[in-house]
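A.B. asks: What follows is a single structure, and I will ask about it in a moment.
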Amino acid sequence: MRIRRAAVAGHFYPADRDSLDETVRALLEGTAAAPVAPEPPAPNRKTEGFHKAVVAPHAGYVYSGPVAASAYRWLAEADRPAGARPERGVSRVILVGPAHRVPFRGVAVSGADAFETPLGLVEVDSESIGRFASLPFVQEREDAHESEHSLEVHLPFLQCIFSVFQIVPLVVGDATPAQVEAVLRLLWGGIETVVVVSSDLSHYLEYQRARRTDRATARAIEALRPQDIGPSQACGAIPVKGLLSLAGRFGLRVRTLDLRNSGDTAGPQDRVVGYGAFAFEEKVA
């Protein structure tokens, strides 16, 4: 079996299995130490569809973990939708994030059979990858995956909220939103499939300026307006814009679950990184 080994355990999140499990569950339960968000989440409302996608941040857990957890608390409801049979829970996660380490063109898939975290192995859905591997902008690049954190940091959350599932891991390099949209369209599926787009928001702005910038980004996401998001507003701007474009075509509803920055969680306020959690709901056919 070909395994993509954990690369940032002990750096972005705990390397010890028990410590990691305890940390993630505390974040999901909202009991991990973190101040109250200055941007309150939208009020809960009765769902009118099923939980299809989230945008969530990918920094170290001490910084973005509480914000990411708000996305995963919401997404956890997708595994046992009201009135659905148990076997209709989530079985596949499309995990899309930007490249930070290796420059390349297009979208990189992995030839690994599984991705490793301290919580165990997550199986790769190689069959689904075969559906789009022939697209001209898709390539197998193990070097793009082996040290990339934008996907890895989400795996422990997924392992804690879903029972049995496979992943389709996609690292996006020098690509276009249309290319990301094309891949997502081929993989969209139904209630068994959820999409996780990994992205932080603004980088290294002063606290108040970051809040203004991130609020504008949140408004663009809620309005499904990818054209209003620039490259400096989100490090995963291309994956986010690809999702927004497809979500607009499919009529998804979007809301902000959490919006804050490293100055709110675990850092100084002179140069902060923004984090947002956004929920995408698909109407029941």
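The values are calculated or read from the model by the stated rules, or taken from the named source; none is laboratory data. Just so we're clear, the structure is a prediction, and the values are computed from it rather than from any experiment. Virtual Cβ from ideal backbone geometry, glycine too; neighbours counted across all protein chains shown. SASA here: full protein model, heavy atoms, side chains in, ligands and nucleic acids out. Shrake-Rupley method; radii C 1.70, N 1.55, O 1.52, S 1.80 Å.
A.B. asks: Which count do you get for residues in the range 109-158 that are open to solvent by 30 Å² or more (accessible area, probe 1.4 Å), under 27 Å from Ala69 (Cα atoms), of a type in the set (D, E, K, R) and outside any loop (DSSP other than H, G, I, E, B)?
C.D. replies: 3
A.B. asks: Can you tell me which residue among Ala133, Ala78 is over 18 Å from the mean Cα position of the chain (by Cα), among the hydrophobic types (A, V, I, L, M, F, W, C) and farther than 14 Å from Ser198 by Cβ?
C.D. replies: Exactly one of Ala133, Ala78 is over 18 Å from the mean Cα position of the chain (by Cα), among the hydrophobic types (A, V, I, L, M, F, W, C) and farther than 14 Å from Ser198 by Cβ, namely Ala133.
A.B. asks: Taking the stated definitions as given, is Ala26 of a type outside the set (Asp, Glu) and at pLDDT below 95?
C.D. replies: Against the criterion (of a type outside the set (Asp, Glu) and at pLDDT below 95), Ala26 does not qualify.
Here's the yes/no breakdown for (1) assigned to a loop (DSSP other than H, G, I, E, B); (2) of a type in the set (A, V, I, L, M):
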{"site": "Gln227", "(1), (2)": "no, no"}
{"site": "Ala234", "(1), (2)": "yes, yes"}
{"site": "Pro239", "(1), (2)": "no, no"}
{"site": "Leu246", "(1), (2)": "no, yes"}
{"site": "Thr256", "(1), (2)": "no, no"}
{"site": "Gly274", "(1), (2)": "no, no"}
{"site": "Ala277", "(1), (2)": "no, yes"}
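A.B. asks: Looking at Phe132, Phe165, which is the one that is of a type outside the set (Val, Ile, Thr) and touching a residue at least 60 places away in the same chain (Cβ under 8 Å)? Outline the logic, then answer.
C.D. replies: On the way: Phe132 fails: touching a residue at least 60 places away in the same chain (Cβ under 8 Å).
So the residue among Phe132, Phe165 that is of a type outside the set (Val, Ile, Thr) and touching a residue at least 60 places away in the same chain (Cβ under 8 Å) is Phe165.
A.B. asks: Name the residue that is most open to solvent (accessible area, probe 1.4 Å), counting only residues in the range 159-187 that are of a type outside the set (S, T, N, Q) and part of a strand (DSSP E or B).
C.D. replies: Across the range 159-187, the extreme among qualifying residues is Asp174.
A.B. asks: Give the residue that is most open to solvent (accessible area, probe 1.4 Å), with candidates limited to residues of the range 191-210 that are touching a Lys or Arg at 6+ places or on another chain (Cβ under 9 Å), of a type outside the set (S, T, N, Q) and part of a loop (DSSP other than H, G, I, E, B).
C.D. replies: Glu206
Quick grid of which residues meet (1) more than 16 Å from the chain's Cα centre (by Cα); (2) farther than 21 Å from Gly49 by Cβ:
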residue	(1), (2)
Glu206	yes, yes
Ala220	yes, yes
Arg225	yes, no
Asp228	yes, yes
Leu244	no, no
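A.B. asks: Go through the range 255-265 and give me each residue that's surrounded by 20 or more Cβ atoms within 10 Å (Cβ to Cβ) and either without any contact (Cβ under 8 Å) to a residue 12 or more places away in the chain or not hydrophobic (A, V, I, L, M, F, W, C) (or both).
C.D. replies: Matches in the range 255-265: Thr256, Asp258, Arg260, Asn261, Ser262, Gly263, Asp264, Thr265.
A.B. asks: Then there's this: Would you mind stating whether Gly242 is open to solvent by less than 10 Å² (accessible area, probe 1.4 Å) and not hydroxyl-bearing (Ser, Thr, Tyr)?
C.D. replies: Against the criterion (open to solvent by less than 10 Å² (accessible area, probe 1.4 Å) and not hydroxyl-bearing (Ser, Thr, Tyr)), Gly242 qualifies.
A.B. asks: Which condition number does Ala220 fail, the rest of (1) touching a Gly at 6+ places or on another chain (Cβ under 9 Å); (2) not in a strand (DSSP E or B) being met?
C.D. replies: (1)
A.B. asks: Let me ask you something else. Would you check which residues across the range 266-285 are surrounded by 24 or more Cβ atoms within 10 Å (Cβ to Cβ) and more than 15 Å from the chain's Cα centre (by Cα) and list them?
C.D. replies: Passing the criteria: only Val272.
A.B. asks: Moving on. Could you please find all residues in the range 1-33 being more than 16 Å from His58 (Cα to Cα), out of contact with any Gly (no Cβ under 8 Å at 6 or more places or on another chain), in contact (Cβ under 8 Å) with a residue 40 or more places away in the chain and part of a loop (DSSP other than H, G, I, E, B)?
C.D. replies: Listed by number, the residues that qualify are Met1, Arg5, Ala15, Asp16, Gly30.
A.B. asks: If a residue must be over 23 Å from Asp200 (Cβ atoms) and either open to solvent by less than 50 Å² (accessible area, probe 1.4 Å) or polar (S, T, N, Q) (or both), how many such residues does the range 88-108 contain?
C.D. replies: Residues in the range 88-108 being over 23 Å from Asp200 (Cβ atoms) and either open to solvent by less than 50 Å² (accessible area, probe 1.4 Å) or polar (S, T, N, Q) (or both): 4 in total.
A.B. asks: Out of the residues in the range 211-222 meeting the condition of being open to solvent by 50 Å² or more (accessible area, probe 1.4 Å) and without any contact (Cβ under 8 Å) to a residue 24 or more places away in the chain, tell me which one is nearest to Ala178 (Cα to Cα).
C.D. replies: Checked the range 211-222; the qualifying residue nearest to Ala178 (Cα to Cα) is Arg219.
A.B. asks: Right, something else. Regarding Leu252, is this residue more than 23 Å from Val138 (Cβ to Cβ), surrounded by fewer than 22 Cβ atoms within 10 Å (Cβ to Cβ) and in contact (Cβ under 8 Å) with a residue 40 or more places away in the chain?
C.D. replies: Judged against the criteria, Leu252 is a match.
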